[in-house]
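Novice: Okay, handing you the structure first.
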C-alpha cells in the first residue's frame, strides 16, 4: 500500500489500473432492457436481428399509442392507472404468462408420456412465457402487421387477459390432467 507521505514516481505500475473493454452485447443506455433484448433474439429469423429490432420498436410505438388513447378516452375510469411505458407493459406481460409447470416428454416402455415438471430455472420459465406471447402474436389475420397484433397481445397479457394467458392456463390444465405421470420425472 502506498502511503500519502511516500514520493511515488508517476510511472509506477501500482498507480495503473487496467480496464477491460465492454462485452459485445453489453449496454449502458437508459432504454436498454435485458428482457426486451431476449425477446428480440427469439423473434430473429435467419440472423436478421435488425429486422426484429425494428419490429420491436414498432411494437413499442403501438403499445404507447394504444395506452395513450386509452388514457385520453373521456369516460375511462382507469385512465390514471394506465401504464404507458412499453417496457413495463412487456415485463408485466411476461410475468403474467410465466408458467409454473411445463410438460416434458419422457419415454417409458416405448411410450412417450407428457410429464409435468417445474421449470429447471427462471430462464426456462421466462423463455416459455415469451414463446407463448410470440406464438399468440403470430396468430393473426394475414393482412394485419405483426407489431399491431404483438402490441395488442402484450397489453392484453399485462392485464391477465388474451390468448397467451389462456394458453398458459391450458398448459396448467394439461399438467393437472397428467399429474399421474409425475413420478416418471427424471430430475
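Just so you know, all these numbers are worked out from the coordinates, no wet-lab data involved. Keep in mind the model is a prediction, meaning the values are calculated, not measured. Positions of Cβ are generated from backbone atoms using ideal geometry, with glycine treated the same way; all protein chains shown enter the neighbour counts.
Novice: Could you work out how far helix 34-43 tilts from the main Cα principal axis of the chain, as a 0 to 90 degree angle to the nearest 10?
Specialist: 50
Novice: Related question: Gaussian network model of the chain, Cα springs within a sub-10 Å range: biggest mean-square fluctuation belongs to which of 88, 136, 20?
Specialist: With Cα springs under 10 Å in the chain, the top fluctuation among 88, 136, 20 is at 20.
Novice: Hey, another quick one. Using the 10 angstrom Cβ neighbour count as an exposure proxy, how do 149, 10, 121, 158 rank, fewest first?
Specialist: Ranked by crowding around the Cβ, least crowded first: 10, 121, 149, 158.
Novice: Let me ask something additional. Quick one: order 186, 37 by neighbouring beta-carbon count within 10 Å, fewest to most.
Specialist: 186, 37
Novice: So how tilted is helix 49-72 from the main axis of the chain? Cα-based, degrees 0 to 90, rounded to 10.
Specialist: Roughly 70 degrees, rounded to the nearest 10.
Novice: Oh, and also: Would you kindly state how much longer the chain becomes between residue 46 and residue 22 on full extension, computed as 0.36 nm times their sequence separation minus their alpha carbon distance, in nm to one decimal?
Specialist: 6.0 nm
Novice: Also: Take 18, 60 and order them by how many other Cβ atoms sit within 10 Å, fewest up front.
Specialist: 18, 60
Novice: With label points built 7 Å along Cα→Cβ from the Cα atoms of residue 112 and residue 61, find their separation and express it in nm.
Specialist: 4.2
Novice: Helix-only mean residue ellipticity at 222 nm, the chain, DSSP H runs n ≥ 4 weighted -39,500 (n - 2.57), per residue, nearest 500. What is it?
Specialist: After summing the helix terms and dividing by the residues of the chain, the value is -16000 deg cm²/dmol.
Novice: On a 0 to 90 degree scale, rounded to 10, what angle separates helix 122-138 from the longest Cα axis of the chain?
Specialist: 60
Novice: Moving to a separate point now. Mind giving me the nanometre distance, one decimal, between the label points for residue 185 and residue 127, set 7 Å out from Cα along Cα→Cβ?
Specialist: Distance between the two pseudo-spin positions: 1.8 nm.
Novice: For segment 81-124, rounded, prolate or oblate, judged on the Cα gyration tensor with a ≥ b ≥ c (square roots of eigenvalues), a/c < 1.5 rounded, else prolate if a/b > b/c?
Specialist: Prolate.
Novice: Quick one: Cα centre-to-centre distance for segment 82-133 and segment 149-187, in angstrom?
Specialist: Computed from Cα coordinates, the inter-centre distance equals 7 Å.
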